[in-house]
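Down below is the structure, laid out as structure tokens.
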Amino acid sequence: MTDTLKIGNVAIERTAALAPMAGVADRAYRLMCKKYGAAYVVSEMVSAKGICYSDRKTAELCTVTDGERPMAVQLFGNEPDFMAEAVKIVLDYKPDIIDINMGCPVPKVVGTGAGSALMKDTKLAAAVAEAAVKAAGETPVTVKIRSGWSKDSINAPEMAKALEAAGVAAIAVHGRTRDMFYSGESDMNVVKAVKEAVNIPVIGNGDITDFRSCSEMYDRTGCDLVMIGRGSYGNPFIFREIAAKLHGETYEPPCLEEKMRVMLEHIRLILELSEKCEELAMHEARKHAAWYMNGYYGSAKFRGRCYQLSSYKEAEELAAEFTELQRNREINKV
Ligand SMILES: Cc1cc2nc3c(=O)[nH]c(=O)nc-3n(C[C@H](O)[C@H](O)[C@H](O)COP(=O)(O)O)c2cc1C
């Protein structure tokens, strides 16, 4: 396995990338994942039309900071003209890559004909991609797709071929159909079929939660890069683990103290990057705090308490109490 892949002119380490996740993978999240080893990150999806009408959230969603690179800004939309216009606007933010979302299953997006609705119209999908490619110039354009609309219409390989012909530089595939949303299992065979269908790099995505499932994705599909979404919740260390093990280095998983230290680091970053007051910014931080506590004794109760946090000081106190609980439990077990 070679160590880097090229998407257009962008070199990316072949370890694991962070998937785009609206409402989760914001700048603080991306910076944390990058710091702990993500090879590549993608922004939350941004509406192409919204950008053209200078939606006030555009700057916040499209800004790329050096600590996040290589990074893609992801757009969604189903109108080639708006897509081209949006790409030109986004280029001012100097993303390394522009990604187009053709996999989002949510009714609000699908209802407009964008996201995974484009899986049902390969021709329009290719026209949207081609418009983006033309507008993007030197900047590579990639597309993220699902395996198909439903189990009776799995068309990711044909879709990928049409997108390749439209000039797209890489394809990311989530091995679920639209109508599965996030239930059932992601199908690696579809990722493999896409890899066999095209000559551009293919990024495999869906249900990767550790080094074992990541290696399985690489081995079974022949994909060029693996992308992780939910497996990184409260666990930016997953990227460090995968990178270390792929490089044949020993890996020491984080102890609880390190996890709590990183959780507090993540919360500080959320507060620092937010324009909101501490109390409101803490609303953003709550779910992340809860995720860092997953999998420990008594964590259900503590996760509930995370959802009430309204200051950094409270988060510090909760982390200390949680650590103390786990320590006492260890002592009592001995
Ligand atoms: C909360 C959430 C938000 C998501 N937002 C996006 C998005 O903005 N763009 C996109 O292409 N996919 C989005 N996805 C899909 C993920 O990128 C990924 O394809 C999916 O979660 C499967 O990967 P996983 O099993 O590693 O989580 C989102 C998923 C989740 C759970």
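The values are calculated or read from the model by the stated rules, or taken from the named source; none is laboratory data. Because the structure is predicted, anything quoted here is derived from the model rather than measured. FYI the Cβ positions are ideal-geometry reconstructions off the backbone, even for glycines, and counts take in every protein chain you see.
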I'm trying to understand the selection: among the residues of region 42-69, which are within 25 Å of residue 292 (Cβ to Cβ) and either more than 11 Å from the ligand (Cβ to nearest atom) or not hydrophobic (A, V, I, L, M, F, W, C) (or both)?
43, 44, 60, 65, 67, 68
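Looking at 158, 138, which is the one that is in the same structural domain as residue 41 (by TED's automatic domain parsing) and assigned to a loop (DSSP other than H, G, I, E, B)?
Details: 158 fails: assigned to a loop (DSSP other than H, G, I, E, B).
When all the criteria are applied, what remains is 138.
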Limited to region 1-29, what total is found for residues that are within 11 Å of the ligand (Cβ to nearest atom) and in a strand (DSSP E or B)?
3
Residues within region 277-312 that are among the small types (Gly, Ala, Ser), closer than 12 Å to residue 234 by Cβ and surrounded by 19 or more Cβ atoms within 10 Å (Cβ to Cβ), tallied:
3
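Take the residues in region 196-217 that are closer than 20 Å to residue 42 by Cα and surrounded by fewer than 16 Cβ atoms within 10 Å (Cβ to Cβ), then tell me which one is nearest to the ligand (Cβ to nearest atom). Talk me through it step by step, then tell me what you get.
Our first condition is that a residue be closer than 20 Å to residue 42 by Cα; within region 196-217, this holds for 200-210, 214, 217.
Then keep just the ones that are surrounded by fewer than 16 Cβ atoms within 10 Å (Cβ to Cβ); that gives 209-210.
Numbers: 209: 8, 210: 11 Å.
Among those residues, the one meeting the criterion is 209.
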Of all residues being part of a loop (DSSP other than H, G, I, E, B) and surrounded by fewer than 18 Cβ atoms within 10 Å (Cβ to Cβ) in region 109-135, which is farthest from the ligand (Cβ to nearest atom)? Just the residue, please.
121
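Checking the condition surrounded by 23 or more Cβ atoms within 10 Å (Cβ to Cβ), hydrophobic (A, V, I, L, M, F, W, C) and not assigned by TED's automatic domain parsing to the domain that holds residue 285, which residue from 59, 39 passes?
Exactly one residue qualifies, and that residue is 39.
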Testing residue 184 on (1) within 16 Å of the ligand (Cβ to nearest atom); (2) more than 18 Å from the chain's Cα centre (by Cα); (3) in a helix (DSSP H, G or I), one condition comes back false. Which one is that?
(3)
Here the qualifying pairs (Cβ atoms under 6 Å; residues six or more apart or on different chains; first in region 186-199 and of a type in the set (Gly, Ala, Ser); second surrounded by 16 or more Cβ atoms within 10 Å (Cβ to Cβ)) come out as 186/175; 186/176; 186/206; 186/207; 193/157; 197/157; 197/160; 197/161
Residue 265 vs (1) in the same structural domain as residue 60 (by TED's automatic domain parsing); (2) among the acidic types (Asp, Glu); (3) in a helix (DSSP H, G or I): all pass except (1)
Which listed residue, of 320, 289, is in contact with a Cys (Cβ under 6 Å, 6 or more places away or on another chain), of a type in the set (A, V, I, L, M) and not in a loop (DSSP other than H, G, I, E, B):
289
Residue that is farthest from residue 201 (Cα to Cα) [pool: residues in region 136-164 that are of a type in the set (Val, Ile, Thr) and surrounded by fewer than 24 Cβ atoms within 10 Å (Cβ to Cβ)]:
154
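Suppose the filter is at pLDDT 95 or above, within 16 Å of the ligand (Cβ to nearest atom) and either crowded, with 22+ Cβ neighbours inside 10 Å or closer than 24 Å to residue 189 by Cβ (or both); does residue 267 pass it?
On the way: at pLDDT 95 or above: yes; within 16 Å of the ligand (Cβ to nearest atom): no; either crowded, with 22+ Cβ neighbours inside 10 Å or closer than 24 Å to residue 189 by Cβ (or both): yes.
When the stated conditions are applied, residue 267 does not pass them.
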